[in-house]
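Asks: Quick one: the structure is below, questions incoming.
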């Protein structure tokens, strides 16, 4: 089964508030985005692998208007569009694999990813992902990536994952990225389990 087919099946067969990564509010992500200091009315943000995340709702509520939401599974994006109603028209929705999709050069001030990078168990996919970030984020822009931490799960959605400490995640991106800060979050799943997430906040070299 292809990656797209896998995730389309997930979102067609499971309620979005029962998947393990579900959040009622994307508080940690929003806090780090605000840490960039960029004005909401000017910051160009892309949320990659967003699924049906409520981060887009939170950003619109906070006054951000230049938003792009990318996911490999169109059914996931449709959930968010339906939830947002008329406000969905304020967002640029894109369907595609983050490692291969066409993105504008230097098109974004902030790149956000919660729970995509840790699914890239192939080194070539990780290199392609990092190349996409380098192309799509403007020089001096910001990158926020959240993955399972060292004590996180070994699998998610029946797929193997990679777990990262802040320094190993930074190592995947290399010297072109300054690690500004990192945070650990114990995410409570709808099933009542805890998952360790590590959030890394980088600045791309100017």
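Asks: When the stretch 48-73 is examined, which residues are found to be buried (at least 20 other Cβ atoms within 10 Å of the Cβ) and on the phi > 0 side of the Ramachandran plot?
Replies: Listed by number, the residues that qualify are 49, 51.
Asks: Looking at (1) touching a helix residue (DSSP H, G or I) at 6+ places or on another chain (Cβ under 7 Å); (2) surrounded by fewer than 22 Cβ atoms within 10 Å (Cβ to Cβ), find the lone condition where residue 206 falls short.
Replies: Here residue 206 meets the rest and fails (1).
Rundown of residues vs (1) closer than 16 Å to residue 114 by Cβ; (2) more than 16 Å from the chain's Cα centre (by Cα); (3) at pLDDT 95 or above, yes/no style:
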position: 167; (1), (2), (3): no, yes, yes
position: 174; (1), (2), (3): no, yes, yes
position: 179; (1), (2), (3): no, yes, yes
position: 184; (1), (2), (3): yes, no, yes
position: 191; (1), (2), (3): no, yes, no
position: 195; (1), (2), (3): yes, yes, yes
position: 199; (1), (2), (3): yes, no, yes
position: 202; (1), (2), (3): yes, no, yes
position: 206; (1), (2), (3): no, yes, no
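Asks: Of all the residues that make up the stretch 163-183, how many are in contact with a strand residue (DSSP E or B) (Cβ under 6 Å, 6 or more places away or on another chain) and surrounded by 17 or more Cβ atoms within 10 Å (Cβ to Cβ)?
Replies: Counting residues in the stretch 163-183 that are in contact with a strand residue (DSSP E or B) (Cβ under 6 Å, 6 or more places away or on another chain) and surrounded by 17 or more Cβ atoms within 10 Å (Cβ to Cβ) gives 7.
Asks: Can you tell which of 146, 76 is touching a helix residue (DSSP H, G or I) at 6+ places or on another chain (Cβ under 9 Å), in a helix (DSSP H, G or I) and buried (at least 23 other Cβ atoms within 10 Å of the Cβ)?
Replies: Matching residue, one of 146, 76: 76.
Asks: Taking the stretch 87-101 only, how many residues are free of Cβ contacts under 8 Å to residues at least 40 places away in the same chain, touching a strand residue (DSSP E or B) at 6+ places or on another chain (Cβ under 9 Å) and part of a loop (DSSP other than H, G, I, E, B)?
Replies: So the answer is 2.
Asks: I need every pair where a residue in the stretch 17-31 that is under 16 Å from residue 79 (Cβ atoms) has its Cβ under 8 Å from the Cβ of a residue that is part of a helix (DSSP H, G or I), sequence separation at least 6 or different chains.
Replies: Correct list of pairs: 19/10; 26/55; 26/58.
The values are calculated or read from the model by the stated rules, or taken from the named source; none is laboratory data. Just so you know, these numbers come straight off a predicted model, no measurement behind them. Quick reminder, even Gly has a Cβ in these numbers, built from the backbone with ideal geometry, and neighbours come from all protein chains shown.
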